[in-house]
Structures are given as structure tokens and as C-alpha cells.
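Worksheet for the structure shown next.
The values are calculated or read from the model by the stated rules, or taken from the named source; none is laboratory data. Quick caveat, the model's predicted, so the values are computed rather than measured. All Cβ positions, even for glycine, are placed from backbone atoms using ideal geometry, and neighbour counts span all protein chains on display. To get the accessible areas, we keep the full protein, side chains included, count just its heavy atoms, and leave off ligands, DNA and RNA. Shrake-Rupley method; radii C 1.70, N 1.55, O 1.52, S 1.80 Å.
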Amino acid sequence: MPGSQSTASEKVRAAASAILRGGCFFVAGRRRLRIERRDCESVPWEVFRGHLLDPAHTRQIIDFESWNVFLDDVELASPAPLVSVLWQHDQGRLYVARRILTHGFEAYEDSPGVILSRPTQKWVAELVGTIELEGLGNAALERELATYVLLAVIGTSRLPITSLESPLPGFSLGQLGYVPGLAESDDAWRDPPDFLRAALVGERPIVHQVKALETALRAASSEQVAAIADVLGQAAKRHATEPDWLPRLFRALFQGAALSPYTEFVDRLIGVLMELTYRDLPGGAVVIDILSYMLRHLCRHLTAFDLSVFHNFGANYPDALFLDALLTAYLRLIDAHPALFERQNGDASAVEGHKRRRRRALRQACLVRKRYEGHPVPDAPTSMGENARVFPASFVRVPEEQIVDVSKRRRKLFDTQPLESQLSERARRVLWASLADLENPIELRELGMAQFLARPLGLFKQPGEVDRTPLLSYEAFGRLTAKARLGQIKSAGWIGAETHGKLVPALEALPVTGVAADAVAVLERPAVVSLADARRAATDFVFLRTTRGSLAELLAHYDLRPLAAAAPETCAWLTSAQPKLLVEHAPQETPRARSTLRICDSAANPRLEIGFGQLPGTMARYRERGGVELVESLFVLRIREPLVGAQFKEHELGDRSIRLDLRSQT
């Protein structure tokens with residue numbers, strides 16, 4: 001109807017104007033921002049499994065009202081926009097797309113009737129997200145649209161496996177940043193510290209603050225490191241009643257930063273953290289704990305996704321370079337603050353536990369770093385997909401043979417800088433103390449701890465289809481991995497045969513409760529992380545729990561009130577801080593429509609079984625929200641309630657299954 005279309009168009013135009021103001025963007029160097037609106041733009045447009053088809057492969061042309069964001073050189077206008085907002089009036093649908101300049105090939109006629117191909121550079125379009133206007137109010141629409149524009153710039157996932165999940169090259173190189181609602185004028189920000197300062201004022205979502213910090217670090221010169229540290233120190237004072245505010249900011253930065261292509265971002269990050277050690281807020285202890293967190297979790301990641309098996313057998317190795325840089329800074333802080341690591345008489349148990357975690361970070365980082373000494377890698381960390389992107393001349397393309405063939409690689413990691421040469425006497429004392437900590441079962445278990453990732457709601461995605469379902473994290477333990485690390489410690493001469501002989505049986509006797517990776521029925525899909533990765537990493541990994549934050553984020557999308565009404569104790573357990581493990585149950589011989597999710601307690605007892613349809617064989621439908629695809633409704637099929645002792649009362653709900661719908665958008 002013309003009237004309703006007009007109202008919808010006015011709503012879209014208001015939202016687009018608000019979130020695409022120049023003041024929401026940061027632009028660096030010789031670049032300039034250009035935003036153009038067109039009443040009617042005809043675009044070759046066809047979507048297949050979430051991917052925009054190349055114009056050469058589609059004959060469909062759609063007319064859009066469009067807003068295009070260009071990043072021009074001061075002397076040369078860009079021929080294609082980086083980000084586009086496209087409004088399809090007749091369908092009531094809004095799209096956000098982006099374009100990336102890539103290396104490719106084009107066909108040409110060499111002579112009459114003879115078609116050959118030649119290298120070229122071309123712009124590849126990617127669909128970032130789709131917004132259905134039905135049911136969205138003005139504020140919700142603006143929020144959704146801002147989220148998709150942000151994702152167009154920074155990538156759609158904290159684990160960038162595919163191109164769409166990776167940031168725009170301009171963001172990675174510090175040329176472009178975006179924070180919704182930051183507009184003070186129509187002019188883009190130019191100074192990294194000023195951009196960060198503006199983003200840290202007010203009650204802004206943590207992801208916006210984090211990406212402003214990342215932008216500032218990527219764009220800053222070495223001379224601006226101290227100024228960024230000043231901005232963070234001032235913000236920490238404003239959050240004096242939240243002592244965890246700054247560590248939380250850096251933890252989120254660490255969890256969401258894509259390190260490839262490898263730039264000076266890591267040096268700037270570490271430079272800012274070292275600057276912060278000289279300030280009253282946060283001070284040396286807080287910075288040490290931030291670095292400790294990064295090292296411990298990076299080691300778990302590299303234990304799960306080993307460079308010998310994953311990342312094209314180590315072709316994409318920025319995590320190893322990051323580990324080395326973090327460890328170098330950590331060693332400097334050990335020399336400067338030894339009392340924060342070493343045992344002292346009179347330490348309370350909580351203080352000693354804190355110091356033990358700091359020593360753990362050193363031990364695990366040394367083990368992983370030493371393991372990769374001499375590992376053959378390409379001239380620069382990259383992947384086949386990233387190597388196809390066009391970067392400035394300073395980024396030399398890696399020969400493809402180095403990516404796919406380990407024998408063609410000329411570089412070896414850390415071959416001129418053995419670990420032992422970097423350890424001072426104080427650092428050695430702390431390392432020896434961390435090895436003595438292995439008498440503690442928690443520390444012994446850490447030798448085999450890994451962190452895996454999965455998208456369990458993506459069960460109904462087709463092979464090759466874009467998967468934006470929630471990404472969950474899993475802690476797992478591998479006894480064989482821990483045993484191999486004990487052998488590595490002994491071979492390095494860090495412990496003797498007698499100590500090794502005591503630790504091996506202690507490791508064998510270590511109680512581990514969880515679900516074996518071999519027992520998890522997972523539907524594997526190309527280019528999508530899953531719990532099946534654990535079987536590739538080692539044969540004996542056991543999943544211990546789904547990390548609390550990732551599971552809580554998934555559950556927060558659903559209205560749990562029906563479960564609370566039917567089974568209040570089970571619902572209270574589900575939303576509590578108690579450890580839980582969510583795993584897929586998707587046997588290969590079972591139709592996907594009958595696959596389920598099982599949520600287990602800390603003793604690996606299944607407590608809930610959740611299906612995707614009320615009737616057997618019903619296929620799930622997805623709804624896209626804020627860059628995430630969610631199953632419209634989940635159905636609780638089975639509940640097991642604990643009784644006295646180890647007994648459970650099982651409720652098979654059948655046709656009385658409890659329906660959990662998505663929460664309404666406000």
C-alpha cells in the first residue's frame with residue numbers, strides 16, 4: 001500500500017541518516033569519507049545460501065534506494081563503496097552489503113574465437129545482513145541498522161574463518177573505524193586518541209568501546225601510544241567504582257580482534273599496556289593480570305587449534321607472533337615486579353592463588369612458544385582467502401605454494417631467538433616455581449586444557465551456507481596432550497626424571513568429568529567450527545563445560561518463562577552460574593530435523609534435551625537479529641530433575657513439549 005510504503009521509507013531514511021553521519025566514522029591518513037544517497041540505484045542482485053552472487057552469474061536487477069559509504073584517496077575517488085545500505089521498497093526489506101577489492105581473473109578474447117583469462121583486480125560484494133521492517137519500531141530499526149554497518153566494517157564474527165567474518169582491510173590497516181551514535185558533526189574523526197576519548201564517554205555498549213579502542217590502536221603512530229594510555233587512564237578514574245572495567249575492556253578486545261594481516265596493532269596494544277603500568281590507575285598489577293589472561297587463553301586456543309594441524313598447517317600464524325610479543329612484555333614485567341609472582345611467607349591463600357595463575361601464564365606460554373621454535377611458516381602469516389585480498393604495496397603477496405606446501409616454506413618461527421636466551425634469572429625463578437606448581441591438580445590439568453568453538457544452532461544450514469548462528473566456547477581437557485607437555489618439560493631439562501616420574505602417574509590418576517569428544521554426534525560442515533575439531537586435535541579430548549558467557553548470551557535471546565512455570569528448579573539451574581555443557585546430538589544416520597541439543601550438569605548428567613520442532617521431523621526456521629541468526633523457537637523435549645543422591649526423575653514431555661520463543665524486540 002502506498003501510504004504504508006511511504007511511512008516505512010521515512011523511517012528507513014531517518015535511521016540511515018542518523019547512523020551514517022560522518023561523525024560516526026574515523027578516517028586516517030590520506031583517506032577521506034564520502035557518503036552518497038541515491039533515490040534509485042539498479043543493482044545486479046541475487047542471494048544464494050547467504051552469499052551475493054557475482055554480477056556475471058546473475059541476470060536479476062533490483063532497484064534500491066541506497067546509501068553508499070566510500071573511502072577515497074585524497075587524489076583519487078574510489079570506484080566502489082565499501083559499505084552500502086540498500087532499501088527495497090516493495091518488499092519492506094533493508095540490506096547492508098560491503099565490497100572488498102580482490103585479486104582474481106577475467107576472461108578476454110585473445111583472437112577471434114579464442115577465450116583466455118588474465119589476472120585482474122575486482123570488487124567482490126558480500127551480504128552482511130538483512131532487516132525485515134515488519135514489527136520494528138524506530139529505535140529498534142536504528143539499532144539493527146547500526147549493528148549491521150558496524151559488522152560490515154569489523155567483520156561478522158570474532159573467529160574470522162571466512163571473508164565475511166573478517167574485517168574490511170581498511171579497518172585492519174587503521175584507515176577506517178565506526179562507532180554508532182558518536183556523531184558530533186558531519187566530519188569524520190581524524191585523531192585516534194580523540195576518537196577513543198569520545199567513544200568512552202557515556203553509557204555506550206562494550207562492543208562500541210572495544211572497537212573504538214581497537215581502531216585507535218590500529219591507527220595510532222608510536223608517538224600517540226602515551227596519549228591513548230592517558231585517555232584510558234582518565235576513563236578508568238571515571239569508572240573508579242568498577243575496578244574490573246579496564247580489564248574487561250582489554251579482555252573483550254583480545255577475544256574479538258582479528259590479527260591477520262599482521263600489522264603494528266600488536267606493538268601498539270602492548271605499548272599502551274606497558275604505559276599503563278606507570279600510572280596510578282590501573283598500575284602494574286592490573287596490567288600483569290591483563291597480560292596473564294591473554295597468555296593463558298591464547299595458549300588454550302593454540303592447544304585446540306594447533307599450527308601443525310589447523311591454519312593450513314601453520315600458514316596463518318599471527319597467534320604465534322602475538323604469543324611471542326605478549327611473552328616478551330610479560331618477562332619485562334616479571335623483572336620489574338617479581339613480588340607479584342613469587343611466593344612469600346605470609347601470603348594468604350587467595351593471594352597465592354592469584355600469583356599461581358600469573359605463574360601459570362608464564363609456564364604455558366613458554367611451553368607453547370618453545371614447541372613452535374623452528375616450525376616452517378610462509379614469509380608472512382596469511383590464508384588462501386586473505387592472500388586474495390588487495391593490500392597496499394608494503395604487504396607482499398605470499399606465493400600460493402608456501403600456503404599449501406609446507407616444504408616450500410623458507411621461514412622458521414623463532415629460529416634465531418630461542419626461548420632460553422630471553423629468560424632472565426628472575427624469570428627463570430618464576431618459571432621453576434610454576435613447574436613446582438604442577439603438584440597442584442589444577443595446574444597439572446592445565447597442561448592439557450584447550451578451548452574449542454562451535455555453532456550448535458547451525459544444524460539446519462546447508463553446506464557452504466553463511467552461518468551467523470551464535471558462537472559458543474568450550475573448555476576441554478586432553479590427557480594425551482598434557483602427557484606430551486610433561487615430556488616436553490623433561491626434554492627441555494626443566495624437570496628431572498624423578499619429578500617426571502611422579503607427575504606422570506598423578507596425571508593418569510587425575511579425575512576428569514565430562515563428555516568425550518568421540519561421544520558427541522556432530523554434523524560437520526565445511527568452513528564452520530564444530531566440536532568435531534577436537535577429534536582432529538587429539539583422540540582423547542573431553543569437553544568439560546560450555547563457557548558461562550557464551551551460553552548465557554545464547555539463552556538471553558529466548559523467553560524462558562514457560563520453562564520457569566513448568567519446571568522452576570530446572571530453569572533456576574539453567575540460568576545459574578553452575579557449570580553446564582551444551583552439546584549437539586546429531587548422528588549422521590539421523591535426519592537433521594530430529595537432531596537435538598543436550599545440556600548437561602558438571603557431572604556430565606543430561607538435564608535437558610531441546611529440539612527444534614514440536615513435531616518429529618519439523619525443520620527449524622531462522623530469524624536474523626543484530627547480526628545473529630537464531631532458531632525461531634526451541635522446544636524442551638525432556639527434563640531430568642535430580643533426586644536424593646545420584647538419582648534423577650525423568651520427564652519425557654512428548655506432545656507437551658515446552659516452547660521457548662525468541663524474546664520480542666523493543
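Residues to consider are HIS301, HIS337; find the one that is open to solvent by 10 Å² or more (accessible area, probe 1.4 Å), touching a residue at least 40 places away in the same chain (Cβ under 8 Å) and over 23 Å from the mean Cα position of the chain (by Cα).
Criteria check complete, one pass: HIS337.
Residue-wise test of (1) open to solvent by 50 Å² or more (accessible area, probe 1.4 Å); (2) under 25 Å from the mean Cα position of the chain (by Cα).
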{"position": "GLU569", "(1), (2)": "yes, no"}
{"position": "ALA572", "(1), (2)": "yes, no"}
{"position": "PRO587", "(1), (2)": "no, no"}
{"position": "PRO591", "(1), (2)": "yes, no"}
{"position": "ARG598", "(1), (2)": "yes, yes"}
{"position": "SER602", "(1), (2)": "yes, no"}
{"position": "ILE610", "(1), (2)": "no, no"}
Exercise. Within the range 99-127, which residues are over 16 Å from GLY385 (Cα atoms) and in contact (Cβ under 8 Å) with a residue 60 or more places away in the chain?
Worked result: LEU127
Exercise. Among the residues of the range 159-178, is there at least one that is farther than 30 Å from HIS301 by Cβ and either touching a strand residue (DSSP E or B) at 6+ places or on another chain (Cβ under 9 Å) or surrounded by fewer than 18 Cβ atoms within 10 Å (Cβ to Cβ) (or both)?
Worked result: no
Exercise. Does TYR108 satisfy the criteria of being more than 21 Å from the chain's Cα centre (by Cα), farther than 16 Å from SER9 by Cα and not hydrophobic (A, V, I, L, M, F, W, C)?
Worked result: yes
For this session: Among the numbered conditions (1) closer than 30 Å to VAL96 by Cβ; (2) under 28 Å from the mean Cα position of the chain (by Cα), tell me where MET619 comes up short.
Result: (2)
Problem set entry | Residues within the range 647-663 that are open to solvent by 70 Å² or more (accessible area, probe 1.4 Å) and touching a residue at least 24 places away in the same chain (Cβ under 8 Å), tallied | 3
Exercise. Going by the conditions given, is GLY374 touching a residue at least 40 places away in the same chain (Cβ under 8 Å), surrounded by fewer than 21 Cβ atoms within 10 Å (Cβ to Cβ) and within 26 Å of the chain's Cα centre (by Cα)?
Worked result: no
Problem set entry | Output for the range 31-60, where each listed residue is touching a strand residue (DSSP E or B) at 6+ places or on another chain (Cβ under 6 Å) and in a loop (DSSP other than H, G, I, E, B) | TRP45, THR58
For this session: Would you please name the residue that is farthest from ALA604 (Cα to Cα), looking only at residues in the range 495-516 that are in a loop (DSSP other than H, G, I, E, B) and in contact with a Leu (Cβ under 9 Å, 6 or more places away or on another chain)?
Result: ILE495
Exercise. In the range 517-546, what residues are assigned to a helix (DSSP H, G or I) and not aliphatic (A, V, I, L, M)?
Worked result: ASP518, ASP533, ARG535, ARG536
Exercise. Of a type in the set (S, T, N, Q), surrounded by 14 or more Cβ atoms within 10 Å (Cβ to Cβ) and at pLDDT below 85, is that true of THR666?
Worked result: no
Exercise. Before we move on, is GLU641 within 30 Å of LEU127 (Cα to Cα) and modelled with pLDDT of 90 or more?
Worked result: no
For this session: Look through the range 503-515, keep the residues that are in contact with a helix residue (DSSP H, G or I) (Cβ under 9 Å, 6 or more places away or on another chain) and surrounded by 13 or more Cβ atoms within 10 Å (Cβ to Cβ), and return whichever of them is nearest to GLN255 (Cα to Cα).
Result: VAL512
Exercise. Can you name the residue in the range 463-493 that is buried (at least 20 other Cβ atoms within 10 Å of the Cβ) and free of Cβ contacts under 8 Å to residues at least 60 places away in the same chain and, of all such residues, is farthest from LEU159 (Cα to Cα)?
Worked result: LEU486
Problem set entry | Residue count, the range 48-99 (criterion: under 27 Å from GLN462 (Cα atoms), in contact with a Pro (Cβ under 7 Å, 6 or more places away or on another chain) and open to solvent by less than 20 Å² (accessible area, probe 1.4 Å)) | 1
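When the range 408-462 is examined, which residues are found to be small (Gly, Ala, Ser), farther than 26 Å from PHE310 by Cβ and either touching a residue at least 12 places away in the same chain (Cβ under 8 Å) or in a loop (DSSP other than H, G, I, E, B) (or both)?
Within the range 408-462, SER424, ALA427, ALA433, SER434 qualify.
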Problem set entry | Close pairs (7 angstrom Cβ cut-off, 6 or more residues apart or separate chains): more than 15 Å from GLY174 (Cα to Cα) in the range 200-228, assigned to a loop (DSSP other than H, G, I, E, B) anywhere | HIS208/VAL179; HIS208/PRO180; GLN209/LEU200
For this session: Identify all residues within the range 241-298 that are among the hydroxyl-bearing types (Ser, Thr, Tyr) and more than 21 Å from PHE341 (Cβ to Cβ); write none if there are none.
Result: THR241, SER260, TYR262, THR263
Exercise. Would the range 208-215 turn up any residue that is among the charged types (D, E, K, R) and assigned to a loop (DSSP other than H, G, I, E, B)?
Worked result: no
For this session: Scan LEU76, LEU71 and give me the residue that is within 30 Å of PRO192 (Cβ to Cβ) and free of Cβ contacts under 8 Å to residues at least 40 places away in the same chain.
Result: LEU76
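Quick one: in the range 386-411, of everything that is polar (S, T, N, Q) and surrounded by 15 or more Cβ atoms within 10 Å (Cβ to Cβ), which residue is nearest to GLU264 (Cα to Cα)? Quick ask: steps written out before the conclusion?
From the range 386-411, those polar (S, T, N, Q) are 387, 394, 402, 407; that's our starting set.
Then keep just the ones that are surrounded by 15 or more Cβ atoms within 10 Å (Cβ to Cβ); that gives 387, 402.
On the way: ASN387: 19, GLN402: 23 Å.
The residue in question is ASN387.
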Seminar exercise, completed: Screening ALA519, ALA556, ALA534 for residues that are of a type in the set (A, V, I, L, M), open to solvent by 30 Å² or more (accessible area, probe 1.4 Å), under 25 Å from ILE442 (Cα atoms) and within 30 Å of the chain's Cα centre (by Cα) leaves only ALA519
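Within the group LEU531, LEU507, which residue is over 25 Å from SER595 (Cβ atoms) and in contact (Cβ under 8 Å) with a residue 60 or more places away in the chain?
After applying the criteria, what remains is LEU507.
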Exercise. Do any helices (runs of 4 or more DSSP H) entirely within the range 249-351 hold 3 or more residues that are closer than 20 Å to ARG429 by Cα and modelled with pLDDT of 95 or more, and if so, which?
Worked result: 284-304, 318-336
Problem set entry | Pair list, Cβ under 6 Å, 6 or more apart: the range 596-614 residue at positive phi, other residue of a type outside the set (A, V, I, L, M) | ALA604/THR513; ALA604/GLY514
Exercise. Applying the selection to the range 7-18, what residues are touching a Phe, Trp or Tyr at 6+ places or on another chain (Cβ under 9 Å), within 19 Å of PRO81 (Cβ to Cβ) and open to solvent by less than 60 Å² (accessible area, probe 1.4 Å)?
Worked result: VAL12, ALA16
Exercise. How many residues does the range 612-644 hold that are of a type in the set (D, E, K, R) and open to solvent by less than 30 Å² (accessible area, probe 1.4 Å)?
Worked result: 1
